[in-house]
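Data block below; observations after.
Only the coordinates and a few stated rules stand behind these numbers; no lab work does. As the structure is a prediction and not an experimental result, all values here were calculated from the model. Positions of Cβ are generated from backbone atoms using ideal geometry, with glycine treated the same way; all protein chains shown enter the neighbour counts.
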Amino acid sequence: MIDFRALETLVWVVTLRSFRAAAEKLNTTQPAISQRIAALEREIGHPLLNRASRNVTPTAMGRRVLDHAERLISARAEMLAELADPSSLRGNLSLGVNETIVHTWLPALMEQLSRRFPGIDLDIDVDISDNLRNRVIAQEIDLALMLGPVVAPELLTCDLCRYPLAFIASTELDFGEAPPDLAAITQYPILTFARNTLPHRAIREVFSRPELPRSRIRASSSLATIVRMTLDGIGVAVIPAAIVTPEIAAGRLVCLDPGEASPQTGARPGLKPLRFS
């Protein structure tokens, strides 16, 4: 099999017309250059260089081999340059996304991907994290942005971000002048994530404490629906405040703070931030 280094050596020997100059160019010794050329000549079965004169010149066969060698070296350089340039990538990427990410930084991610990888087409599927995990394992999608931690030996994961859960209400709801505690919040329906999700289970556990009044938890798989119902004053949402930052800034929604223990019940929210991988 012809050694690519030998072809490269032939090109430089002919270009520089000297074994010594080629050795300096390729950062090796002159004997090493001679060995590569000799091995290439044995492989081809013909002399490739005229060594009689002071300046090395190619033989007729050497010129034929040189032509192919230059094209191979050019193709190699073109390939390496293309692979090093992200904008040259072509293909399709199927991306599964948790809805919290959709409502926070997915648009910024899409903009960056479009700018850095213009040749990549994206297929985006929005789903709950349990389903996304299963679909990645089944290789139905290439990549997923979902709630973690993800425990699966088949998957490579990394921490992306964390969003604290907050109690969000319409400014039209009347909680009185004092900050409401959990007991006061339960007078309204609790609007939150779908039943088969980690945050829903955590929220249900908080509001199922015996010292609290019975709560009415309304689950939805659509964050847009939860936000709409919260704006309409139907209930209190338990979602990341980052999802409704514009509505809070506009004074349409308010972030409640039942973080202190209730003076009547002693209950605290105790909700962990949502962790995304």
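Using helices alone, I'd like the mean residue ellipticity at 222 nm for the chain: each DSSP H run of four-plus residues gives -39500 (n - 2.57), total over residue count, nearest 500.
On the way: 11 runs with 112 residues, N = 277.
-12000 deg cm²/dmol, from helical runs alone.
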Quick one: net charge around H103, please, counting Lys, Arg +1 and Asp, Glu -1 for every other residue with C-beta under 14 Å from its C-beta.
-1
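Taking a ≥ b ≥ c as the square roots of the Cα gyration tensor eigenvalues, with a/c under 1.5 meaning rounded and otherwise prolate when a/b beats b/c, else oblate, which class fits segment 103-173? Intermediate values should be presented prior to the final figure.
Values: a/c = 2.19, a/b = 1.29, b/c = 1.70.
The shape class here is oblate.
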What number comes out for the charge environment of S18, summing +1 per Lys or Arg and -1 per Asp or Glu over other residues with Cβ under 12 Å away?
+4
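May I ask what percent, to the nearest 5, of DSSP beta bridges between residues of the chain are antiparallel? Display every interim value, and only then the final one.
Details: 14 of 29 bridges.
Here the antiparallel bridges make up roughly 50 percent for the chain.
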For log10 I(q)/I(0) by the Debye sum over Cα atoms at q = 0.07, 0.08, 0.14, 0.16 Å⁻¹, one of [x] -0.35, -0.45, -1.02, -1.19; [y] -0.33, -0.43, -1.11, -1.38; [z] -0.50, -0.56, -0.99, -1.13 was computed from the structure I shared and the rest are decoys. Which label?
[z]
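For T245 and L122, what does the FRET efficiency come to when R0 = 25 Å and r is the distance between their Cβ atoms, rounded to the nearest 0.05?
Working from the Cβ atoms, E equals 0.50.
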Would you mind calculating the gained length between T29 and R5 on full extension (0.36 nm times residue separation, minus the Cα-Cα distance), in nm to one decimal?
7.3 nm
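Using a 10 Å cut-off on Cβ atoms, rank the peptides 105-113, 213-221 from the highest mean neighbour count down.
The packing order, highest mean first, is 213-221, 105-113.
Quick one: net charge of R228's neighbours, Cβ under 13 Å, K/R +1, D/E -1? All intermediate terms of the calculation are to be shown ahead of the outcome.
On the way: positive: R218, R252; negative: D232, E247.
Spelling it out: positives minus negatives among the neighbours equals 0.
What is the fewest-to-most order of D3, D127 by other Cβ atoms lying within 10 Å of their Cβ? Mind showing how you got there, number by number?
Numbers: D3 12, D127 18.
The order, fewest Cβ neighbours first, is D3, D127.
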Below 8 Å between Cα atoms, with a sequence gap of 6+, how large is the relative contact order for segment 1-136 in percent?
19 percent
Within a 10 angstrom radius of the beta carbon, how do I73, I226 rank from fewest other beta carbons to most?
I73, I226
Fewest to most neighbouring Cβ within 10 Å: what's the order for L16, L10?
L16, L10
